[in-house]
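Where a number appears in this text, it was derived from the coordinates with a stated rule and is not lab data. Values in this document were obtained by computation on a predicted structure and should not be read as measured data. All Cβ positions, even for glycine, are placed from backbone atoms using ideal geometry, and neighbour counts span all protein chains on display.
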Ligand SMILES: C[S@@+](CC[C@H](N)C(=O)[O-])C[C@H]1O[C@@H](n2cnc3c(N)ncnc32)[C@H](O)[C@@H]1O
């Protein structure tokens, strides 16, 4: 909220600097070089007063941008594989908040026998996931997972905890659908990551052609992200034992693996 209130004000100040530079451009030539930069930064700040929703275009832009980074998905797919108990021939995996299915596509490669179920509230994302991976899809969210009790071997959730309306309910839903001893692999944005570094990343994303909507989508996601301590508590409260973790307070993301405790 605080950032949203500040954004238009900072935008206005930068716009005034840009106009001032424009006015004196003939006299002080050096300022005319700074001008486009000022206008650029200003435009980005002004965007802070608008929300970006996942419409079809945002989903397609997200897919296009993230397809450049298959290694990020391969990395998490390997963690999922390590958490499948050896004697399970045809594991059931839930890709919660599947998005365009790029993680499931990598899981298909390392675990070809697995039955993957993709759940997401966005029908646009589910359409893309069907195109990219061999998955069964279901419309739904973490707070109300459309799957029966004790059905899944591993739940994996990549960068969508930030959108859950009720994380406590979400963690207990994940526990409900997991078989006894099943694992919950979560990769999430770190709330404690520096705001300044985030801003620089946003500029790089735009320069690398992410599009304003995706840079904005990424930036907004941090506003509702959770700290590592918070996620540890969510795990504990939902009867999980944390069996693996990576990431530190200063990092932009972290990974946790929780094991469902038999109750
Ligand atoms: C940043 S995308 C990540 C997609 C995918 N996991 C990936 O890493 O490519 C976030 C996804 O979370 C989904 N999402 C939003 N709210 C959700 C909820 N309450 N439960 C599960 N997924 C949700 C969005 O529709 C979107 O597809």
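At 7 Å along Cα-to-Cβ for each site, give me the label-to-label distance between residue 127 and residue 200 in nm.
My value for the distance between the label points is 3.9 nm.
Using only Cα atoms, locate the centre of the stretch 137-166 and the centre of the stretch 230-252, then give the distance between them in Å, rounded to an integer.
17 Å
List the relative contact order of the stretch 58-189 as a percent without decimals, with contacts defined as Cα pairs under 8 Å and 6+ residues apart.
On the way: 256 pairs, mean separation 31.1, N = 132.
The normalised contact order for the stretch 58-189 reaches 24 percent.
For the modelled label position 7 Å from the Cα of residue 261 along Cα-to-Cβ, which residues of the stretch 179-194 have backbone nitrogen atoms closer than 19 Å?
179-186
Please give the peptides 91-100, 107-116, 210-219, 149-158 ranked by average Cβ packing (other Cβ atoms within 10 Å per residue), highest first, as a rough proxy for protection.
Values: 91-100: 25.4, 107-116: 17.2, 210-219: 19.7, 149-158: 21.2.
Averaged packing, sorted descending, gives the order 91-100, 149-158, 210-219, 107-116.
Based on Cα positions only, what radius of gyration and what Dmax would you give for the stretch 202-247, in angstroms?
Answer for the stretch 202-247, Rg first and Dmax second: 15.6, 44 Å.
Going by how many other beta carbons lie within 10 Å of each one, how would you line up 224, 263, fewest first? Can you show the working numbers first?
Working: 224 14, 263 6.
Least crowded to most crowded, the residues run 263, 224.
With label points built 7 Å along Cα→Cβ from the Cα atoms of residue 90 and residue 144, find their separation and express it in nm.
Taking the simple label geometry, residue 90 and residue 144 are separated by 3.0 nm.
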